[in-house]
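One structure is given below, encoded as structure tokens.
The values are calculated or read from the model by the stated rules, or taken from the named source; none is laboratory data. As the structure is a prediction and not an experimental result, all values here were calculated from the model. So basically every Cβ, Gly included, is an ideal-geometry build from the backbone, and we count neighbours across all protein chains shown.
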């Protein structure tokens, strides 16, 4: 009986379909790739589509260190009704006629939600309240009130406005910091315009340095299993790069500190053969390995 080939470490960037949780995607990829060692970085709501970054085998060690602090979305915002979940999957709370809302008012409302803002996350978000996810508390019948927190909306661009006799729908692009909820932007814009609003659709196009150009659907992955980026490419894409000479590489492999690189934050460390051997960080005049990548 032939033995299944070992799965190499690296990242798989998935273009998630609607209706799946991030955990559903992980479970499916585990079956496709043939290993239990798969994890994801940054969740994506079931209704949303787009970029979800997964680590395979030793690359799961990268996930907690990836700089995924900036994300871009394409979204549709429906004015005229507020929902329990701030999106189209929730129950309607209020309705109003949005057709009298002017283009100028919409532009001003979007401008007020751009830049550094204080945002109250949706009550059905993944924010933890006393160790339990907010959405789990809501499902258990609790009244969840979350505190506002600082986020940054770098860009909030109105791409198109579609008006009918009874509806107004906005197509927007949002470039924001991690922790920003686009559904909350839809809710708050609707509140500011006096007619209510909710998120109609959401597609994540970038997460940190990863975008749809390297993403594949699960169907495409099923047809041709494989990594989006091997370990070296993943580290090189996600972190500043430091190449060691032979002496430094030997010292690091023995757990010794090496001279500082002069790089701010976490960086990828490569040996003379071009293998990604660790993630490192400077501490004063020396550097140390945060995570060893060449051992299981």
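Suppose we filter 189, 199 for residues that are more than 20 Å from residue 16 (Cβ to Cβ) and surrounded by 18 or more Cβ atoms within 10 Å (Cβ to Cβ); which single one remains? Selected residue: 189, the only one of 189, 199 that is more than 20 Å from residue 16 (Cβ to Cβ) and surrounded by 18 or more Cβ atoms within 10 Å (Cβ to Cβ). Only residues that are surrounded by 14 or more Cβ atoms within 10 Å (Cβ to Cβ) and without any contact (Cβ under 8 Å) to a residue 60 or more places away in the chain: list them for the range 32-45, please. Correct list: 35, 37, 38, 39, 40. Determine whether the range 63-85 contains at least one residue that is under 26 Å from residue 224 (Cα atoms), assigned by TED's automatic domain parsing to the domain that holds residue 216 and out of contact with any strand residue (DSSP E or B) (no Cβ under 8 Å at 6 or more places or on another chain). The answer is no, given that none of the residues of the range 63-85 is under 26 Å from residue 224 (Cα atoms), assigned by TED's automatic domain parsing to the domain that holds residue 216 and out of contact with any strand residue (DSSP E or B) (no Cβ under 8 Å at 6 or more places or on another chain).
For the residues 269, 263, 258, the requirement of being out of contact with any helix residue (DSSP H, G or I) (no Cβ under 9 Å at 6 or more places or on another chain), surrounded by 13 or more Cβ atoms within 10 Å (Cβ to Cβ) and not assigned by TED's automatic domain parsing to the domain that holds residue 214 singles out 263. For the range 202-218, the condition of being over 20 Å from the mean Cα position of the chain (by Cα), part of a loop (DSSP other than H, G, I, E, B) and either modelled with pLDDT under 95 or surrounded by 15 or more Cβ atoms within 10 Å (Cβ to Cβ) (or both) holds for none of the residues.
Residues in the range 8-25 that are crowded, with 17+ Cβ neighbours inside 10 Å and touching a strand residue (DSSP E or B) at 6+ places or on another chain (Cβ under 8 Å): 9, 10, 11, 12, 13, 14, 15, 16, 22, 25.
Among the residues of the range 143-164, those that are over 26 Å from residue 102 (Cβ atoms) and surrounded by 12 or more Cβ atoms within 10 Å (Cβ to Cβ) comprise 144, 146, 149, 151, 152.
The criterion of at least 3 residues that are under 24 Å from the mean Cα position of the chain (by Cα) is met by the following strands (runs of 3 or more DSSP E) wholly inside the range 226-295: 276-283. Restricting attention to the range 166-190, the residues that are at pLDDT below 95 and closer than 14 Å to residue 101 by Cβ total 2. The residues of the range 86-116 that are more than 26 Å from residue 152 (Cβ to Cβ) and out of contact with any strand residue (DSSP E or B) (no Cβ under 7 Å at 6 or more places or on another chain), listed by number, are 89, 96, 97, 100, 102.
Against the test of being in contact with a helix residue (DSSP H, G or I) (Cβ under 8 Å, 6 or more places away or on another chain) and in contact (Cβ under 8 Å) with a residue 40 or more places away in the chain, the options 195, 207, 174, 182 yield a single qualifying residue, 174. Tell me, which residue of the range 60-69 that is more than 18 Å from residue 48 (Cβ to Cβ) and out of contact with any helix residue (DSSP H, G or I) (no Cβ under 6 Å at 6 or more places or on another chain) is surrounded by the most Cβ atoms within 10 Å (Cβ to Cβ)? The qualifying residue surrounded by the most Cβ atoms within 10 Å (Cβ to Cβ) is 62. Could you tell me whether residue 19 is touching a helix residue (DSSP H, G or I) at 6+ places or on another chain (Cβ under 7 Å) and at positive phi? So residue 19 fails the test.
Comparison of 72, 94 shows that the only residue that is surrounded by fewer than 21 Cβ atoms within 10 Å (Cβ to Cβ), more than 14 Å from the chain's Cα centre (by Cα) and under 18 Å from residue 183 (Cβ atoms) is 94.
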